[in-house]
Amino acid sequence: MKVLDAEFVQGFMRMADDGWNQGWHERNGGNLSYRMKAEDVDAVKEELCPGEWKPIGTSVPDLAGEYFLVTGSGKYFRNVIIKPEDSFCIIEVDEKGENYRICWGLVNGGRPTSELPSHLMNHEVKKRVSGGKHRVIYHAHPANTIALTFVLPLTDEAFTRELWEMATECPVVFPDGIGVVPWMVPGGREIAVETSKLMEKYDVAIWAHHGMFCSGEDFDLTFGLMHTVEKSAEILVKVLSMTQNKRQTITPDMFRDLAKDFHVSLPEKFLFEK
Ligand code: 13P
Ligand code: ZN
């Protein structure tokens, strides 16, 4: 089968385009990766043509031999559906988890996203903690979430609780909460290590003054998670623009009631009295 006809590739392209349409991907902002299933690799194997091994910039031994669909560095989400072969690629990770090689795509040259260390370290953690279910890592630059990193304390507790309060669905969609990485230089191993530590506990990590990472089982769930967090951030930005004091809100006991009926467990550390 042609790579571009495969269902997982169609899903990847649609998600990238949905992110573009949300306004989360100015210029080359953001990046997306998908850990391919054995049957995905099998379906497109006649089109795979491995290039040179190159260093990942970190070590991901538990991803040895895996294949990923990943956006290219400097490539625009806007162009993913317009010129897919130029915008993303399929890579294979070597037997040590230290090098990758491009097997398809990026036909005009280039390399996978500069955030490849973060993507692969997050995939490695999520593959382990989800029992292999999580396959998608998504990084975007949604404006409201970024705006909040200038006014809220940069703690998991503050972001989780404030964003839970802004929409009743939030604690059901991300019951484990949200992690926050303080400002760091992007694109390297250090920020990847900090982000992947948060991915042990959470499916969402916010990078102060930069953007957000989400992890999920498939394209819909991962996009929906980013969308839910950003919508909640938008509501909080609107509320804070009107007043510093909410007249009423969702209280810790209301969250406890919600948890019971919706069969989610909400960590008590986020249900503090204010
Ligand atoms: P890339 O173009 O290398 O993917 O970088 C975009 C980005 O958002 C960096 O954090
Ligand atoms: Zn970014």
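Of note:
- Residue list for the stretch 244-270, filter: hydrophobic (A, V, I, L, M, F, W, C) and free of Cβ contacts under 8 Å to residues at least 60 places away in the same chain: 254
- Single residue of 223, 150 found to be part of a loop (DSSP other than H, G, I, E, B), at pLDDT 95 or above and of a type in the set (A, V, I, L, M, F, W, C): 150
- Only one of the numbered conditions (1) surrounded by 23 or more Cβ atoms within 10 Å (Cβ to Cβ); (2) farther than 26 Å from residue 239 by Cβ; (3) within 14 Å of the chain's Cα centre (by Cα) is not met by residue 178, and that is (2).
- Subset of the stretch 133-175 (residues that are of a type in the set (Ser, Thr, Tyr) and within 17 Å of the chain's Cα centre (by Cα)): 138, 145, 160
- Strands (runs of 3 or more DSSP E) fully within the stretch 29-117 that include at least 3 residues being closer than 30 Å to residue 146 by Cβ and under 21 Å from the mean Cα position of the chain (by Cα): 31-35, 67-71, 88-93.
- Where residue 228 falls short, out of the listed (1) within 16 Å of ligand 2 (Cβ to nearest atom); (2) closer than 30 Å to residue 251 by Cα; (3) outside any strand (DSSP E or B): (1)
- Flag not set for residue 195, criterion: more than 16 Å from ligand 1 (Cβ to nearest atom) and polar (S, T, N, Q).
- Taken across the stretch 154-163, residues that are at pLDDT 95 or above, touching a Ser or Thr at 6+ places or on another chain (Cβ under 8 Å) and more than 16 Å from ligand 1 (Cβ to nearest atom) do occur, with at least one present.
The values are calculated or read from the model by the stated rules, or taken from the named source; none is laboratory data. Here the structure is a predicted model, which means the values were calculated and not measured. Using ideal geometry, Cβ is built from the backbone for each residue, glycine included, and neighbour counts are taken over all protein chains shown.
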